[in-house]
Amino acid sequence: MTTLTQTTTRRPGLVALIWTFQIASAAMFLLSGTLKLSGAPMMVQMFGAIGLGQWFRYFTGALEVISAVLLLVPSLARFGALALAVTMVGAILTHLFIIGGSPVVPIALLATTTTIAWVRSRD
């Protein structure tokens with residue numbers, strides 16, 4: 001089994017790509033989570049439409065912020081990526097069956113976070 005450390009000497013482009021995914025994903029989830037936690041009107045409205053209560057907005061926002069930070073710590077990145085992947089499955093289902101709208105962004109984030117989790121699990 002090849003580890004990411006071993007891959008560094010063989011494929012530096014892969015390491016750069018994974019770090020790019022991690023940093024970009026962390027930035028997006030930090031922004032999204034902060035909007036949820038700060039009570040941005042569009043988030044309050046969206047979670048109102050979901051129907052689980054505003055506690056779910058706080059829970060989701062905290063999960064996104066904590067997991068985004070974990071993405072930036074190599075030894076913990078897989079755990080953050082897995083938590084965010086599960087969150088994105090929920091977001092996709094919510095878009096498809098409850099609030100409508102395009103699930104393209106959650107699908108892209110699901111692909112990115114599962115890639116991060118897979119590569120980092122091989123560390």
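So what does the Cα-only Debye profile of the chain read at q = 0.10, 0.16 Å⁻¹, as log10 I(q)/I(0), no solvent term?
-0.33, -0.74
Could you give the length gained on full extension between I50 and I66, defined as 0.36 nm per residue of separation minus the Cα-Cα distance, in nm?
Result: 3.5 nm gained on full extension.
May I ask for the distance between the Cα centers of the stretch 17-69 and the stretch 75-113, given as a whole number of Å?
The distance from the Cα centre of the stretch 17-69 to that of the stretch 75-113 comes to 11 Å.
Whole-Hz Karplus ³J(HN,Hα) for the stretch 24-37, in order, using 6.51 cos²θ - 1.76 cosθ + 1.60 and θ = phi - 60°, x for Gly and Pro?
So the Karplus estimates, Gly and Pro as x, are 5, 5, 4, 4, 5, 6, 5, 5, 4, x, 5, 4, 5, 5 Hz.
Mean residue ellipticity at 222 nm from the helices of the chain, using -39,500 (n - 2.57) per DSSP H segment of n ≥ 4 over the full residue count, to the nearest 500 deg cm²/dmol?
Computed mean residue ellipticity for the chain: -26500 deg cm²/dmol.
The numbers here are math on the coordinates, done by the rules we state, and not lab data. Quick caveat: nothing in here was measured; it's all calculated off a predicted structure.
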